[in-house]
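Okay, structure first, notes after.
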Amino acid sequence: MIDTGRLQPIVLHGSNISYFTGKMENYFRVRDIPYELRSMQFPGDRKKLEKALGLMQMPALQLGDGRWMTDTTKIIQWFEASYPQNGLVPDDPVQRFVCLLLEDWADEWWWRPAMHYRWHYPEGAHFASRHLAAELMPHVPVPGAIKRLMLRIRQRGGYTTGDGITTKSVAGVEDLFLRLLGQLQAIFSDRPFVFGDRPSLADIALSGPFFRHFALDPVPLEIIRQRAPAVLEWVARLWNSRMDQCTGEWLQGIPDDLGPLLDDIGNGYLPYVCANVDAVAAGNSRFDVEVGGVAYRHARYSRYRVWCLQELRSHYLALPAQAQAGVRELLEKHACWEPLWRHQSLPLLPGQEQGLPFRGDTKMIGVNE
Ligand SMILES: N[C@@H](CCC(=O)N[C@@H](CS)C(=O)NCC(=O)O)C(=O)O
């Protein structure tokens, strides 16, 4: 177990069916860092977190010395820098970059399909609205049926139909998920984790969409059972893994079966990120974009994702020259290079997100802002 005594007690405020809370829990378990999960309570926690962190998003972490933290990506980077032994980011610089790219993609691109499966289908919306109303809003003095309805309207309006998905694009969004399952089924039939015999940050990031969404919500869970049982095994394997007990090694190089994931990043995710940059630069809080054969209408812009692109560029620029050449070749092969650098300058706010993980400036998607 890592000796985090000076940081204890670590309290993770979130929900036990939340995407990013689930990612953080997988991280703490794999690194064997003790934590207590506490359900956020609304509306009270909103004001408290806005004051402490500058914004309210889930999860929020409180350290024993009273400091609050936000943003799983930066929180994990902070813990990894504080406890570098047996870390989750491979030493090989090319693998390291790919690992960070996969993290960003798992965080940002799979959010929408995960929310779609949860809130579009009555069985998902019924389960999740009941659960969240009871977990997060037990003291709100309105009837349960109203709370559940409010949650459904908020989540759909914020993250599914309100974030670009139309009746015409549902089939395309679901095809993305089916394709991902095929790709991951091949990977996890070959080896236990994305980069070999030990978990990496890429596995932790993929636990965001999978642990509390795809492998929990009724509709996608049944699809996984039927089509991708090796993925279901991986979800449980990761949850039950402890880095300190892992004797396995990471692979050498980038395995060929990661190629299809990179192709999808280059043809779907990064072109979407570029369209988001255009929208932010133009001050359009909504935009239309067609990527990877799926048309999104009135997607919400995200200032946070402009910063994510900047982060990916910084990770690349921080690589040693020889590794930069190798990464560039790989990214070019999978259509990722051009969109990564398409915009010469990025429309960031002054000092945007420089306070992370102790203070945030923008939410991933500014619903209700
Ligand atoms: N980049 C953030 C994203 C966190 C996030 O967006 N969490 C969702 C819930 S899982 C949220 O708080 N959404 C804000 C809202 O619904 O108001 C992270 O990595 O922690």
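Details
- Qualifying residue in the stretch 193-203 (condition: touching a residue at least 24 places away in the same chain (Cβ under 8 Å), within 15 Å of W110 (Cα to Cα) and either in a helix (DSSP H, G or I) or touching a helix residue (DSSP H, G or I) at 6+ places or on another chain (Cβ under 9 Å) (or both)): yes
Yes/no per residue for (1) touching a strand residue (DSSP E or B) at 6+ places or on another chain (Cβ under 9 Å); (2) outside any helix (DSSP H, G or I); (3) in the same structural domain as P34 (by TED's automatic domain parsing):
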| position | (1), (2), (3) |
| --- | --- |
| T247 | no, yes, no |
| L262 | no, no, no |
| N267 | yes, no, no |
| V273 | no, no, no |
| N276 | yes, no, no |
| A281 | no, no, no |
| N284 | no, yes, no |
| D288 | yes, yes, no |
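- Of the listed requirements (1) over 30 Å from S82 (Cα atoms); (2) away from the ligand (no atom under 15 Å from the Cβ); (3) touching a Gly at 6+ places or on another chain (Cβ under 9 Å), R300 misses just one: (2).
- None of A106, A60 is of a type in the set (G, A, S), outside the structural domain of G253 (by TED's automatic domain parsing) and in contact with a helix residue (DSSP H, G or I) (Cβ under 6 Å, 6 or more places away or on another chain) except A60.
- The selection criterion, being farther than 28 Å from I254 by Cβ and assigned by TED's automatic domain parsing to the domain that holds H120, does not hold for L180.
- Residue ID - surrounded by the fewest Cβ atoms within 10 Å (Cβ to Cβ), chosen from residues in the stretch 214-240 that are among the small types (G, A, S) and over 20 Å from the mean Cα position of the chain (by Cα): A230
- All helices (runs of 4 or more DSSP H) inside the stretch 303-369 with 1 or more residues being within 14 Å of the ligand (Cβ to nearest atom) and outside the structural domain of A281 (by TED's automatic domain parsing): none
- Within the option set G172, G196, G144, G208, being in contact with a Gly (Cβ under 8 Å, 6 or more places away or on another chain), more than 28 Å from Y27 (Cβ to Cβ) and modelled with pLDDT of 95 or more holds for one residue only, G172.
- Of residues in the stretch 139-156 being of a type outside the set (A, V, I, L, M) and touching a residue at least 60 places away in the same chain (Cβ under 8 Å), the one surrounded by the most Cβ atoms within 10 Å (Cβ to Cβ): R154
- Residue, farthest from G157 (Cα to Cα), within the stretch 292-333, restricted to residues that are aliphatic (A, V, I, L, M) and touching a Cys at 6+ places or on another chain (Cβ under 9 Å): L330
- Of all residues in the stretch 12-56 being within 11 Å of the ligand (Cβ to nearest atom) and β-branched (V, I, T), the one that is farthest from the chain's Cα centre (by Cα): I17
- Qualifying residues in the stretch 96-124 (those that are among the aliphatic types (A, V, I, L, M) and within 17 Å of I223 (Cβ to Cβ)) - the one surrounded by the fewest Cβ atoms within 10 Å (Cβ to Cβ): A114
Okay, residues lined up against (1) of a type in the set (S, T, Y); (2) at negative phi:
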position: P9; (1), (2): no, yes
position: F20; (1), (2): no, yes
position: G44; (1), (2): no, yes
position: G54; (1), (2): no, no
position: T70; (1), (2): yes, yes
position: S82; (1), (2): yes, yes
position: P93; (1), (2): no, yes
position: W105; (1), (2): no, yes
position: W111; (1), (2): no, yes
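- Of all residues in the stretch 320-351, exactly one satisfies the criterion of being buried (at least 16 other Cβ atoms within 10 Å of the Cβ) and on the phi > 0 side of the Ramachandran plot, namely A335.
- Set D175, D203, D190: member being of a type in the set (D, E) and either in contact with a His (Cβ under 7 Å, 6 or more places away or on another chain) or surrounded by 20 or more Cβ atoms within 10 Å (Cβ to Cβ) (or both): D203
- Strands (runs of 3 or more DSSP E) wholly inside the stretch 1-74 that include at least 1 residues being among the β-branched types (V, I, T): 11-14, 68-70
Results for (1) surrounded by fewer than 22 Cβ atoms within 10 Å (Cβ to Cβ); (2) closer than 29 Å to W105 by Cβ, shown as yes or no for each residue.
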{"residue": "G14", "(1), (2)": "no, yes"}
{"residue": "I17", "(1), (2)": "yes, yes"}
{"residue": "E36", "(1), (2)": "yes, no"}
{"residue": "Q41", "(1), (2)": "yes, no"}
{"residue": "A60", "(1), (2)": "no, yes"}
{"residue": "D65", "(1), (2)": "yes, no"}
{"residue": "T70", "(1), (2)": "no, yes"}
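The values are calculated or read from the model by the stated rules, or taken from the named source; none is laboratory data. The shown structure was predicted, so the numbers you read here are calculated from the model rather than taken from an experiment. Heads up, the Cβs are rebuilt from the backbone with ideal geometry, glycines too, and the neighbour counts pull from every protein chain shown.
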